[in-house]
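To keep things clear, I will list the structure first and then write my remarks on it.
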Amino acid sequence: MRDRRLSRRDFLKGSISATALFGMPAWVNGLDEQPTPDDLSFTSSMYPWEWMPPTDLGQTDPAVLVLNRLAFGPRAGDVERVRVMGVDNYIEEQMSPDRIDDSAMDEMLKRFTSLTMSVGELAGAFSDALIQQRLKRLVQNQGVVMDARSALQGFLGLFGPNMSASGGTTAPPQVNPSNLLIEIIQATVLRQVFSERQLFEVMVDFWSNHLNIYLLKNQCRFLKPIDDREVIRKNALGNFRELLQASAQSPAMLVYLDNFTNVKGVPNENYARELLELHTLSVNGGYTQTDVQEVARSFTGWSVSAPQRGLFGPDYESAGEFEFHANQHDDGEKHVLGVTLPAGGGMKDGEQVLDILARHPKTAQFISTKLARRFVADDPPASLVARGADAFLKSDGDIRAVMSAILHSDEFKQSFGQKVKRPLEYVASTLRALGAREATGSEALGASAIGKSKAQSGARSGGAVAQALQLMGQIPFMWEAPNGYPDVADAWINSNGLLARWNLALALTTNQAPGFQVDPLSPPGANAAGSPEAVVDFWIRRILHRNIPSPDRTKLVGYLGGDTSPNKIAGLVALILSSPDFQYR
Amino acid sequence: MFDEIKRRDILKKSGVLALGMLAYPAWMPRIALRSNDAPPAGDILVAIFMRGGADGLNILVPHGDRNYYSLRDTIAISQPKSAQPDSAIDLDGFFGLHPALRPLKELFDQRVLAGVHAAGSPDPTHSHFDAMDYMERGTPGEKQMSTGWIGRHLQVKASDNKSPFRALGLGTIVQQSLRGPVPAIALQSIADYHLRGDSTELEKIQQTLASLYEGADFLQAEGQETLVAMQVLAKVAQSGYTPAKGAQYPQGYFGQALRTLAQLIKGEIGVEVAAVDIGGWDTHQQEDGESGQMPRLLTEFGQGLLAFYADLQDRMKDITLVSMSEFGRRAQENSSHGTDHGHGNVMFVMGGGVNGGKVYCNWPGLAADKLYGPGDLAVTTDFRDVLGEVVQKRLANSNLAAVFPNYSKFNFRGIVKAQTVRRIDLPRGEGLSLPA
């Protein structure tokens, strides 16, 4: 049996050589010419199908560690800056984002007008013909009028494409709806790359996934930008109970998880279930199906305001806001997780449920686990999680308190290499490492980045960044399920994802990524006669900020082959960015 | 530089490496074929996961059950009538198909498609994520195994298939069901599967990448997989692809994934199992009608399966496709013309080896006292009975205890025919033997 255990490479080579004898196409022989890693044998007993973090990177410079965890990777000069100010001071600085000057970022975001629009303005400006038609038909096809259907009708209404927010007969909308979709995505990625408030952006990403909303679900297209602003960004480093309240009342969430159709008599369980399973207690939180149903009853009537009838058409002024419909609320007595909510509670029912959940030890455990997974390791140490949960409960859900417990722990300090960059971190850290700038006047991310399931927007080509994110499968707000993007290496490291990373590195280092500008990669001050070893060392330091195993360094020197022309240096940097070493953080 | 001596030794030991000289068009690249005395290959498995909890009651409609209509006031699919375009397509007098699944009726009539109803997992969970996890791991109620059922099947099955394409996950993230010691390649598109940039440097860069990704851990191994896959797929992509006449794949990820898969199967590069997803089935509101999800999803699903069958034609006798979803949906509709999470559901099995044209089901009924939990269709066929039968009878693997641990009471319904043991027929005298 052993004889037959050919390595894959050997097997391929064998059959290829055979065909060469019989005049098969020449390309078949070409496979022979590719280099073979010496130890490439995929016998089933040897293939590691789970990622195990490297065990020898724990002593890496703490400045490098924090810049890879609290930030989306170091830019040139960042490591020195953090060393000088001290890691603890850096952590404190990042924990108070309001005190960090981010005016350059604000300037960059000015052109994204949708980010500061009110929901009325967005709803009025956003005209998607498909949604209009679908909504129109929906309303027309209704039979018997019930409370739920009236609510639905009212909210959906008739979004006339040419009506302004004030209901007058003004000019057609200025904003192209596809651009609106891109703006929130573009802004998010740009912030991750360029904002000085890096920890804040990491937390915004964390909570955006924890309280996931899929951008393309119906009205979420224009409601999610509001949610991003009013729910996530307002509370990312604040208090969990307040975050939960904002989320429960968020029109985007009410639409995404169907709670705006959750009414007395016929409850809709979707939000209630995910609130317990994904937002607070976790799936092992000990709640029952009955609890889910009682929570659903508690949130009946939590709905969204519909456009009013204006003089000349729908008035969007106060549309898309949270509204509690008392007449649709199931006001009976409820029993949730062992607590009795007396009859007649009205909107307080839902708020009491949020109180119970926000204070619950299972919630503390769950939130601490997820934060530790984000900041320390895919499988976070139980001791650390326990301390984080403790901090959560003692501080009444102060997110900063949990962060502090995690970031000042020994487990965190020794954890470099325990996490692998997900696509967004890979993209952002690459752009930051290369000192990329936004190319003026062009779109950083194109329409095709979000058009993956809509044939209509497939035509325009996005930049290399957008393509990479799409190939790797992590475009912000485009994860359909409520659980958000996964946060473990096993989910992201596969052949498709690696190839996308390599191609992005190649595009950026040769400045062929539309939307971003990368300056030529010649080492400053070095002349063309700099030795290949020195050049390699320079770029290893510059990109990785740490030493790598000597064999890897030798391979990179071998690549240069004595040639330090700009072309080769671009290739060298692309290789460093593509190497396993750059995938760890 | 490669090791000539090692290769020759290995070839000497293994005897003859024969290549088939079957009549394929010249442009189809063939790289890895099995030797003459290989273990039985079994069918190619295509596992389709309908993500979100597909509403089986509206997909394979029990129009013969009166309770179906009283429970679904507005979203029930009406009984089969010749005049009505929106009514169920009758299959056997009791079950019918959603009208958007007309393509499947053809396959059903040709007896290559079977439906299984009231199928699913015994675990009561209504959580998408848990239910998917349990189903893909093949261990309901348990998350200890980090491997998937297909991963374990590949692990224990006697095989000499060393192709990197043995296991394929179509999409951006490799499906949990494929996780295991046999590496799976994640693939979205053949055309893009190569390094892009200035061609003179690319080769050297690719070589250096290969050396940087030497090593035995997961990240390195994935890198090696990627490089080999790139080389093979580059050649496949060069040839271009035209589906067989009559194969009209629908637009969208699902159709294109099946098309890609068909191309790779025909390319004979060693694909043995493939996982494909089709998402969007979580129809909590506005399930049907013009603005609903179901007609669109089912059109994509049905057209995809039909196109795949039409594209692969004769080869379908060596392919078994099976679809599943993590759970069905509540028997009674909710207040938003949709349905909440349920339990029992439909599975489809398609292929040349299927005893098709039939719905396999021990129908529990939809009367109030027959419903499960908060009002779901009960499960009377464990999903492992369906998958286990496929594994044993079509995939040449009788080690079901390894594939589905902690499950012993398999109850095969006769959905597929037992495969006769066969080897690849290689014309005598045209095989090749290499110099010893």
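The values are calculated or read from the model by the stated rules, or taken from the named source; none is laboratory data. Because the structure is a prediction, the values reported are computed rather than measured. Ideal geometry is used to build each Cβ from the backbone, glycine not excepted, and the neighbour counts take in all protein chains shown. What goes into the accessible areas is simple: the full protein's heavy atoms, side chains included, and nothing from ligands, DNA or RNA. Shrake-Rupley method; radii C 1.70, N 1.55, O 1.52, S 1.80 Å.
From other protein chains only, count the Cβ atoms within 10 Å of every residue's Cβ in A:469-477, then give the mean.
That average works out to 2.
Return the long-range amide H neighbours of B:Gln285 (sequence gap of 5 or more, or a different chain), with a cut-off of under 5 Å between placed amide H atoms.
B:Thr339
In debye, nearest 20, what is the charge dipole magnitude of chain B about its Cα centre with +1 on Lys and Arg Cβ and -1 on Asp and Glu Cβ, if you could check? Could the numbers behind the result be given before it?
Details: 43 positive and 48 negative charges, 310 e Å.
In total the dipole reaches around 1480 debye.
Taking H as built 1.01 Å from N, whose amide H comes closer than 5 Å to the amide H of B:Val359, not counting residues under 5 places away?
B:Gly115
Would you list, by chain and number, the aspartates and glutamates whose Cα falls below 19 Å from the Cα of A:Lys394, excluding same-chain residues fewer than 8 positions away?
In chain and number order, the partners are A:Glu242, A:Asp355.
Considering the options B:Ser121, B:Leu202, B:Met132, tell which one lies farthest towards the positive end of the dipole of region B:121-206, charges being +1 on Lys and Arg and -1 on Asp and Glu at the Cβ, about the Cα centre.
B:Ser121
Show A:Arg541, A:Arg432 ordered by accessible area, largest first, where the area counts protein heavy atoms only and the probe is 1.4 Å.
Greatest to least solvent exposure: A:Arg541, A:Arg432.
Give the accessible area for B:Asp198 in Å² (nearest 10); use a 1.4 Å probe, count only protein heavy atoms, and leave out ligands, DNA and RNA.
80
Along Cα→Cβ, 7 Å out, is where each label goes; now give me the distance between the ones at A:Leu216 and B:Arg296 in nm to one decimal.
0.8
Which FRET efficiency value, to the nearest 0.05, is calculated for A:Met347 and B:Arg111 with the Förster distance at 41 angstrom and r the Cβ-Cβ distance? Intermediate values should be presented prior to the final figure.
On the way: r = 58 Å, r/R0 = 1.42.
According to the calculation, E is roughly 0.10.
Need the full-extension length gain, A:Val84 to A:His408, defined as separation in residues times 0.36 nm minus the C-alpha distance. One decimal, nm. List each step's numbers first, then the result.
Working: separation 324, 0.36 × 324 = 116.64 nm, distance 1.83 nm.
Here the segment from A:Val84 to A:His408 would lengthen by 114.8 nm.
Please give, to one decimal in nm, the separation of the simple spin-label points placed at B:Gln79 and A:Glu321, each 7 Å out from Cα toward the Cβ.
So the two model labels end up 5.2 nm from each other.
In terms of Cα to Cα distance under 17 Å, which aspartates and glutamates are near enough to B:Lys204, apart from those fewer than 8 places away along the same chain?
A:Asp32, A:Glu33, A:Asp552, A:Asp563, B:Glu214
Sorted by accessible area (1.4 Å probe), largest first, how do A:His545, A:His360 line up?
A:His360, A:His545
Given the pairs B:Lys358/B:Lys417; A:Lys421/A:Lys568; A:Lys421/A:Lys555, which are separated by over 20 angstrom at their Cα positions?
In this structure, A:Lys421/A:Lys568; A:Lys421/A:Lys555 exceed 20 Å between Cα atoms.
Could you rank B:Phe412, A:Phe194 by how accessible they are, 1.4 Å probe, largest area first? Could you put the intermediate results ahead of the total?
Details: B:Phe412 65, A:Phe194 40 Å².
Result, largest first: B:Phe412, A:Phe194.
Going through region B:118-168, which chymotrypsin sites (Phe, Trp or Tyr not before Pro) have at most 16 other Cβ atoms within 10 Å and a DSSP loop state?
Here no chymotrypsin sites (Phe, Trp or Tyr not before Pro) fit, given the DSSP loop and packing criteria.
Over chain B, what is the mean sequence separation of C-alpha contacts under 8 Å (at least six apart), divided by residue count, expressed as relative contact order in percent?
Here the relative contact order equals 29 percent.
Per-residue mean of other chain beta-carbon atoms within 10 angstrom of the beta-carbon, peptide A:498-507?
Going residue by residue through A:498-507 and averaging, the value is 6.
222 nm [θ] for chain B, helices only, -39500 (n - 2.57) per DSSP H run of 4+, per residue, to 500? If you can, show how the numbers build up before the last one.
Numbers: 12 runs with 133 residues, N = 436.
The per-residue figure over chain B is -9500 deg cm²/dmol.
Out of the trypsin sites (Lys or Arg not before Pro) in region A:62-129, which ones are loop residues according to DSSP with at most 13 other C-beta atoms within 10 Å?
Passing sites in region A:62-129 are A:Lys110, A:Arg111.
From the residues B:Ile75, B:Pro85, B:Leu107, which one has its Cα farthest along the dipole of region B:57-147 in the positive direction, the dipole being from +1 and -1 charges on Cβ of Lys/Arg and Asp/Glu about the Cα centre?
Value: B:Pro85.
Compute for chains B and A the buried accessible surface, both sides summed, probe 1.4 Å, and express it in Å² to the nearest 100.
So the buried area, both faces added, is about 9000 Å².
Starting from 0 in steps of 10 Å, tell me what percent of the Cα-Cα pairs of region A:463-548 lands in each bin.
Bin by bin from 0 Å, the calculated values are 14, 32, 32, 16, 4, 1.
Amide H neighbours of B:Ile44 under 5 Å, at least 5 residues apart or on other chains, H built in the peptide plane: list them.
Hits under the 5 Å cutoff: B:Ile319, B:Thr320.
Angle, helix B:199-212 long axis vs. longest principal axis of chain B, Cα atoms, 0 to 90°, nearest 10?
Result, in degrees: 80.
If one computes the Cα centroid of region A:58-103 and of region B:92-152, what distance in Å separates the two points?
Taking the Cα centre of each part, region A:58-103 and region B:92-152 sit 49 Å apart.
Average partner chain C-beta neighbours within 10 Å, per residue of B:274-280? Write down the numbers at each step before the final one.
Values: counts 0, 0, 0, 0, 0, 3, 2.
Across the residues of B:274-280, the mean count of other-chain Cβ atoms within 10 Å is 1.
Accessible area of B:His194, 1.4 Å probe, to the nearest 10 Å²?
The value for B:His194 is about 70 Å².
Just grab the label-to-label distance for B:Ser146 and A:Thr55, each label 7 Å out from Cα along the Cβ direction, in nm (one decimal).
1.4
For the cross-link pairs A:Lys217/B:Lys266; A:Lys217/A:Lys419; A:Lys110/A:Lys234, which exceed 29 Å when the distance is taken from alpha carbon to alpha carbon?
Check vs 29 Å cut-off fails for A:Lys217/B:Lys266; A:Lys217/A:Lys419.
So, taking all protein chains as they sit and a 1.4 Å probe, how much accessible area belongs to B:Lys143, in Å² rounded to tens?
Probe radius 1.4 Å; accessible area of B:Lys143 about 90 Å².
If the chain between A:Asp487 and A:Asn284 were fully stretched, how many nm would it gain, using 0.36 nm times the residue separation less the Cα-Cα distance?
Full extension of this stretch gives 71.2 nm more.
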